[in-house]
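For reference, the structure is listed below as structure tokens.
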Amino acid sequence: MHPKKIIAFGASISKNSINKVLAHYTASLFTNDDVQLIDLLDYYPLPIYSIDHELENGIPENARRFHDDLALADMIIISLAEHNGSYTSGFKNLFDWSSRVHSKLFEGKDLLLLSTSPGPRGGLSALEAATKRFPFHGGEIVGRFTLPEFGKNFDPERGITNEPLRVDFQALIDPLI
């Protein structure tokens with residue numbers, strides 16, 4: 001079996017995103033695959049999506065580039081940051097623009113969805129929103145995991161430190177590797 005092309009990112013434009021850390025950590029476990037880590041900041045600046053802007057100016061090059069980068073993947077690992085019970089505005093804006101290039105943005109892609117936050121729910125609302133939405137854009141969700149209380153349950157060198165959470169995470173990841 002040939003190596004999978006995997007793209008991984010934290011769905012946030014924060015420079016210090018803990019979701020970026022979780023996505024990159026997860027991607028590092030796929031040692032036999034071709035993994036590309038991307039940073040959503042590399043696709044900005046990007047105007048706020050509006051149909052008026054699109055009709056007057058077309059789709060911005062950064063949105064096209066994000067779409068084209070995702071098109072190369074067999075699997076996409078996304079760790080969703082949460083703001084006010086949904087995805088971050090930075091990710092939502094890039095997602096909205098890129099879906100205008102092709103509405104089936106995740107067509108034919110396996111999606112591994114993650115989330116984390118400093119709080120006890122670990123970004124669960126954003127994860128649930130993505131779980132409901134992303135299949136409409138062609139993605140097949142092959143797994144989902146939320147890590148609550150990131151600072152308490154994750155160490156940059158050791159990974160997930162909470163034993164029951166680590167076991168659940170490993171049970172999810174092992175069949176995908």
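Laboratory data are not the source of any read-out in this text; all were calculated from the coordinates shown. It should be emphasised that the depicted structure is a prediction, and the values quoted were computed from it without experimental measurement. Cβ sites come from the backbone with ideal geometry, for glycine too, and all protein chains shown count toward neighbours.
Quick one: which residues, 5+ away or cross-chain, put their amide H under 5 Å from the amide H of Gly123? H built at 1.01 Å from N.
Ser117
Name the residue farthest towards the positive end of the dipole of the range 1-136 from the options Ile77, Ser50, Gly90, assuming +1 on Cβ of Lys and Arg, -1 on Cβ of Asp and Glu, about the Cα centre.
The residue sitting farthest along the positive end of the dipole is Ile77.
So what is the calculated 222 nm ellipticity per residue for the chain, using -39500 (n - 2.57) for each DSSP H run with n of 4 or more, over all residues, to the nearest 500 deg cm²/dmol?
The per-residue figure over the chain is -11000 deg cm²/dmol.
Short version: ³J(HN,Hα) in whole Hz for each residue of the range 136-151, in order, from phi by Karplus 6.51 cos²θ - 1.76 cosθ + 1.60 (θ = phi - 60°), x for Gly and Pro, what are they?
After applying 6.51 cos²θ - 1.76 cosθ + 1.60, I find 5, 9, x, x, 10, 6, 9, x, 8, 8, 10, 10, x, 6, 3, x Hz.
Can you work out the Karplus-derived ³J(HN,Hα) for every residue in the range 31-41? Use 6.51 cos²θ - 1.76 cosθ + 1.60 with θ = phi - 60°, whole Hz, and x for glycine or proline.
6, 9, 10, 8, 10, 10, 8, 10, 10, 4, 4
Taking semi-axes √(5λ) of the Cα gyration tensor in Å straight from the coordinates, which label in (1) 64, 19, 12; (2) 27, 18, 14; (3) 95, 23, 15 is the correct one?
(2)
List every residue whose amide H lies under 5 Å from the amide H of Phe145, counting only residues 5 or more places away in sequence or on a different chain, with H placed 1.01 Å from N in the peptide plane.
Result for Phe145 returns Leu113, Leu114, Ser115.
Using a Cα-Cα cut-off of under 22 Å, which lysines could be cross-linked to Lys152, ignoring same-chain neighbours fewer than 8 residues away?
Cross-link targets: Lys15, Lys20.
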